[in-house]
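The next block holds one structure in the form of structure tokens; read it before the comments.
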Amino acid sequence: MSDPYEYFVKAAPPYTEERPSSLWRRLAGRWEYLSLLDWEWHALSAEGVTAPPAAEVLHPVPAERAAALEADRQGWVRYWAFYFDEAEWRDGEEPTTVVRRRRSPERIYDETFMRTNEWQPDSAVYEFFHPRGSHPPHLVEIGVDEAERLLQELRGVTGATEL
């Protein structure tokens, strides 16, 4: 039996169809989105999401591509090496930790890997992109493998990037 849903990715800059910001599906005019926080499909109005994205940023994808995107949890997460400031980074100092962003239709979830060896909500990513304070951190984007390597090196922890 074929999949009855139509699938779409949201790809508004800086996101692309190859690396979209969210995954959506529609059946008989009813929209659902994949929560990138709990990895479940949710109907509209769940968690305050009341409408699908605008048509111009939605791009249809085949069910096979949607299944691959749904299965690749790491593909939805962005990681950064964290430095207290740009001068520290320019001086060649090592980062102090790793931060990540999980952007889902219902919420943006930013976390920092803390000294307690666990991910905790934090504002470092927000402060980097929206520097309102006098001393925003400096972040350097890295991949999941580099994030895992850094956390092993800095904290002696393995598997910290698993979702």
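The values are calculated or read from the model by the stated rules, or taken from the named source; none is laboratory data. These numbers come from a predicted model, not from an experiment. Note that each Cβ is placed from the backbone with ideal geometry, even for glycine, and that neighbours are counted across all protein chains shown. With ligands, DNA and RNA removed, areas are computed over all heavy atoms of the protein, side chains included. Shrake-Rupley method; radii C 1.70, N 1.55, O 1.52, S 1.80 Å.
Table for the structure above
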item	result
Mean residue ellipticity (222 nm) of the chain, computed from DSSP H runs ≥ 4 via -39,500 (n - 2.57), nearest 500	-5500 deg cm²/dmol
Accessible area (Å², per residue) of the chain, counting only protein heavy atoms and a probe of 1.4 Å	57
The chain - percent of accessible surface contributed by carbon and sulfur, probe 1.4 Å	49
Tensor-based shape of region 69-128 (alpha-carbon gyration tensor, a/c under 1.5 rounded, otherwise prolate or oblate)	prolate
Cα-derived Rg to Rh of the chain, Kirkwood definition	1.03
Contact order normalised by residue count of region 61-163, Cα under 8 Å, 6+ apart, percent	28
Cα shape, region 79-163, gyration tensor, a/c 1.5 rule	oblate
Spin-label zone in region 84-119 - amide nitrogen under 20 Å from a point set 7 Å from the Cα of ARG73 along the C-beta vector	98-114, 117-119
